[in-house]
1. Subtracting the Cα-Cα distance from 0.36 nm times the residue separation, let me have the gained length for Arg74 to Ala105 in nm, one decimal.
2. Among all lysine pairs in the range 2-200 that are eight or more places apart or on different chains, how many have alpha carbons less than 18 angstrom apart?
3. Want the number for Met198 to Thr53: 0.36 nm per residue separation, take away the alpha-carbon distance, what's left?
4. Can you tell me which of 69-75, 193-199 comes out highest on packing, and rank the rest after it, using the mean Cβ neighbours within 10 Å?
5. Going by how many other beta carbons lie within 10 Å of each one, how would you line up Val154, Val169, Val190, fewest first?
6. Tell me the net charge near Thr117. Cut-off is 13 Å between Cβ atoms, Thr117 excluded, with +1 for each Lys or Arg and -1 for each Asp or Glu.
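Every number here is computed from the coordinates shown, using simple stated rules; none is lab data. All values reported here derive from a predicted model rather than from experimental measurement. So basically every Cβ, Gly included, is an ideal-geometry build from the backbone, and we count neighbours across all protein chains shown.
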Amino acid sequence: MTKRIVCRILVACIALGSVSMSGQTNSAADLLRNSEISGSALLAMLPYFKVWTDLGESEIMVRDDVVKGMRVFRHRNDAEGRFVSSWAVSQGALPAWMNPVIINAYPALGYQLAVKTAFGRLLREGLTIQDVVHQLGPAEHVRERLITSDDRDVKPIGLNEYSYAGGAVVFAVLSDAPDQNSVEVLILNVQAVAAALMSGGVR
């Protein structure tokens, strides 16, 4: 049995507003291939993005050197079984620097699938919202989101989100961060990003 908690069931979203982007032409694939946005590790991961569709994830979160699926498995064995069911993971098709791990960020709820890179931070070091806007133009939508769970031992996470590519790619600033310009989190819609990478060719 699995639970989807982040961004689906246990997340409160408060819209702050939106900005029309009629002139924006950046696809999710083009955006993620931009070396002014993505670090070398994230660029190197793109050819293996399909692993997240194989794992059945609908949304993933990129933070520091980890990509984490949003689905929560009640039992560790269930999470391990999902990894085994993925051809890319079970057959060793992922490179050695992409390390599949199971994390327990919500102890009272269960386990999540993740991939940790040996190359360090996935987003470009020092990336700011100003950098993003300079490269891509104003966000299509800007909103505030509070990620909560039934686990009282886990502090809620507040995010100020800036959406691009029809919401497929979302840059986020932690609401309690000292620097409100620093991008710490990237949220990706798995189906939309995978389709964009496939149609554009993963290179």
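1. Here the answer is 10.0 nm.
2. Counting lysine pairs in the range 2-200 gives 5.
3. 51.0 nm
4. Going from most to least packed, we get 69-75, 193-199.
5. Val154, Val190, Val169
6. My count for the surroundings of Thr117 gives +2.
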